[in-house]
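> Attaching a single structure in structure tokens format; questions to follow.
We did not get these values from a lab; they are worked out from the coordinates using the rules stated. Source: prediction; values computed, not measured. All Cβ positions, even for glycine, are placed from backbone atoms using ideal geometry, and neighbour counts span all protein chains on display.
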Amino acid sequence: MALIVYNTLTRKKEPFEPVTPGRVGIYLCGPTVYKPSHIGHAVGPIIFDAIKRYLVHCGYKVTWVVNITDVDDKLIVEAAKQNTTTMKLAEKVTRDYLAAMATLHVDGIDIMPKASEHIADIIAIIQRLVDRGAAYPSNGDVYFDVTKDADYGKLSNRRLDDQEGQRDLQSGEKRNPGDFALWKAAKHEEPEEVKFDSPWGKGRPGWHIECSAMAMRYLGETFDIHGGGLDLVFPHHENEVAQSESATDKPFAKYWLHNGLTRFNTKKVAKSDADPEMQAALVKMTLHNLLAVYPGELIRFFVLSTHYRRPIEYSEAEIESKRKGLDTFYRLFERVERLCGQTPYIDAPPPKASAGAEIQSRILLSAREQHAAAFTQSMDDDFNTAGAIAALFELATAINRFIEEQKLESGGGDAGKQDAHWATAHLVGLGRLIGLFLEPPSKRIAADDGVADKAMKVLIQVRQHLRKKKDFESADLIRNLLSEQKITLEDRPDGTLWRAE
Ligand SMILES: [Zn+2]
């Protein structure tokens with residue numbers, strides 16, 4: 001099946017055919033850097049990072065642009081509140097944002113243009129619009145005239161007269177209530193650093209035109225995918241389309257992909273023994289706090305476990321349930337490493353239908369092909385990462401079943417162990433197509449001969465001794481006390497394993 005995507009513009013799924021064969025340009029609206037990001041700001045980058053990885057796997061040369069909005073009303077207000085400059089505040093928030101992206105393995109962004117560095121591009125487009133009669137200056141402001149754009153409203157599916165009653169008339173200088181600012185005249189009380197020279201006097205650009213200018217600068221006047229949260233469809237993206245197409249007479253973005261919004265459910269908190277400080281950090285839920293508590297891979301896995309167009313329900317309970325899911329994979333990887341003496345975190349090429357020769361077992365081979373095909377089918381269907389992850393679970397189950405049926409843990413054959421290793425390496429390879437399993441989880445403590453491991457082995461022996469004496473109460477006490485410290489014990493035929501989170 002070829003790749004199909006849901007296009008907000010046409011309100012249907014369409015075959016994906018890039019403007020230039022073999023190449024894909026993606027523009028994702030990035031953060032306005034005036035306050036710390038929360039998980040909602042990470043959703044778009046995580047999704048589009050997975051989308052880029054998959055498109056690259058499909059053979060496309062992808063350029064992905066995420067802008068930084070560092071010229072904005074909110075930034076001016078917040079900088080004044082904090083008694084700092086907009087530049088300093090923007091730099092600090094941008095730095096934190098980039099650190100969070102790195103932790104989440106959002107590695108694929110090619111260009112991160114800043115609005116403040118593209119004022120000339122922005123002015124050039126506004127000038128084109130003024131010259132064409134699509135925009136008009138008014139007392140140092142410049143407005144886009146929505147009545148001059150015959151298909152205004154096509155993205156958000158709104159009619160112009162639907163909106164007029166809803167628009168505020170703050171300036172009183174617009175021709176039509178729905179007109180929006182492309183350029184805002186500098187106000188006396190604003191700091192000098194946000195006042196840029198223009199043919200209409202000193203001022204600064206409106207938010208919408210910033211994105212149009214940066215998208216066209218790096219991806220051309222017509223490009224493939226424009227992304228963002230559903231809340232941006234109107235007015236931000238509608239206005240981007242209107243001003244861009246009115247300036248160029250060409251289609252702007254071919255496919256508009258919008259991700260569902262994050263719903264915060266603070267009441268649904270998991271029963272846990274987390275300390276109060278940790279709870280408080282979760283309620284604040286800045287990305288920084290979240291990543292101090294949870295590994296980046298877990299947050300990524302959590303986001304990708306829902307298809308991008310659906311809303312994400314955020315709660316501690318949801319994250320904890322995803323942690324259990326992710327642990328299923330980690331346990332399999334450990335099991336296979338123990339059996340085969342080789343980590344499955346190797347650079348195995350992602351499996352293709354024809355490249356399965358290294359797996360001898362026909363049952364395991366066909367399971368791998370079936371679930372790899374299901375993975376691809378899900379991703380080809382509008383980047384359904386939830387379906388792709390379901391296929392990874394199926395493959396993990398099949399490998400675990402194979403290990404048990406072949407009795408690999410109580411001896412078994414070397415061929416079977418090699419098969420399990422290859423199938424698992426391919427599972428890792430599939431996960432990597434959406435940015436999972438890139439490296440072994442960092443917070444686990446490896447079972448080495450360190451002090452922690454020696455102490456744990458003593459505890460495990462004491463617990464076994466208690467169980468032999470049928471003192472199950474004391475044995476369970478050890479397990480429960482460890483569990484409170486986020487250390488889990490796993491009883492296996494070949495002994496008891498421990499794991500710290
Ligand atoms: Zn934007």
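> By a straight-distance test (C-alpha under 28 Å), which lysines pair with Lys12 as possible cross-link partners, with residues fewer than eight away in the same chain excluded?
Lys52, Lys61, Lys148, Lys154, Lys250, Lys254
> Using DSSP, restrict attention to beta bridges with both residues in the stretch 4-262 and report what percent are antiparallel, rounded to the nearest 5. Please report the intermediate quantities before stating the final value.
Values: 15 of 33 bridges.
Here the share of antiparallel DSSP bridges comes out near 45 percent.
> Would you mind getting me the FRET efficiency between Phe393 and Asp249? Use the beta-carbon distance for r and R0 = 45 Å, nearest 0.05. Write out the running numbers ahead of the final one.
On the way: r = 49 Å, r/R0 = 1.09.
Calculated transfer efficiency: 0.40.
> Quick one: putting +1 on the C-beta of Lys and Arg, -1 on the C-beta of Asp and Glu, what dipole do you get for the chain around its Cα centre, in Debye to the nearest 20? Walk me through the numbers on the way to the answer.
Working: 65 positive and 72 negative charges, 210 e Å.
It comes to approximately 1000 debye.
> Now for a separate question. Please work out how much length the chain gains when fully extended from Phe472 to Phe264, using 0.36 nm per residue of separation minus the C-alpha to C-alpha distance, in nm with one decimal.
Numbers: separation 208, 0.36 × 208 = 74.88 nm, distance 4.08 nm.
Fully extending the segment from Phe472 to Phe264 adds 70.8 nm.
> What is the fewest-to-most order of Lys470, Lys454, Lys254 by other Cβ atoms lying within 10 Å of their Cβ? Could you put the intermediate results ahead of the total?
Working: Lys470 8, Lys454 11, Lys254 19.
Ascending Cβ contact count within 10 Å gives the list Lys470, Lys454, Lys254.
> Okay, next question. Just name one of Thr10, Pro191, Gln485: the one whose Cα is farthest towards the positive end of the charge dipole of the chain (beta-carbon charges, Lys/Arg +1, Asp/Glu -1).
Gln485
> Can you tally the net charge around Thr69? Count Lys and Arg as +1, Asp and Glu as -1, for every other residue whose Cβ sits under 11 Å from the Cβ of Thr69.
-2
> So how much slack lies between Val451 and Lys88, counting 0.36 nm per residue of separation and subtracting their Cα-Cα distance, in nm? List each step's numbers first, then the result.
On the way: separation 363, 0.36 × 363 = 130.68 nm, distance 4.53 nm.
Contour length minus the Cα-Cα distance gives 126.2 nm.
> Using a cut-off of 14 Å between beta-carbons, work out the net charge of the residues near Asp107 (Lys and Arg +1, Asp and Glu -1, Asp107 not included). Don't skip to the end; give the middle numbers.
Working: positive: Lys52, Arg53, Arg300, Arg432; negative: Asp49, Asp110, Glu297, Glu439.
Result for the local shell: 0.
> Continuing with this model, one more query. What full-extension length gain, to one decimal in nm, is calculated for Val458 and Lys195 as 0.36 nm per residue of separation minus the Cα-Cα distance? Working shown, then result.
On the way: separation 263, 0.36 × 263 = 94.68 nm, distance 6.80 nm.
Here the segment from Val458 to Lys195 would lengthen by 87.9 nm.
> Now for a different question. Take every DSSP beta bridge whose two residues both sit in the chain, then give the antiparallel share in percent to the nearest 5. Intermediate values should be presented prior to the final figure.
Working: 22 of 44 bridges.
DSSP beta bridges in the chain are roughly 50 percent antiparallel.
> Residue-wise, which Karplus ³J(HN,Hα) couplings in Hz belong to the stretch 196-206, taking 6.51 cos²θ - 1.76 cosθ + 1.60, θ = phi - 60°, and x for glycine or proline?
Using θ = phi - 60°, the values come out as 10, 6, 7, x, 9, x, 6, x, 8, x, x Hz.
> Report the net charge of residues surrounding Phe16, where surrounding means a beta-carbon distance below 12 angstrom and charges are Lys +1, Arg +1, Asp -1, Glu -1.
-4
> Follow-up question, since we're still on this one. Compute the convex hull volume of the Cα atoms of the stretch 451-500, divide it by the residue count, and report the result per residue in Å³ as a whole number.
Details: hull volume 3.3 nm³, N = 50.
So the per-residue hull volume is 66 Å³.
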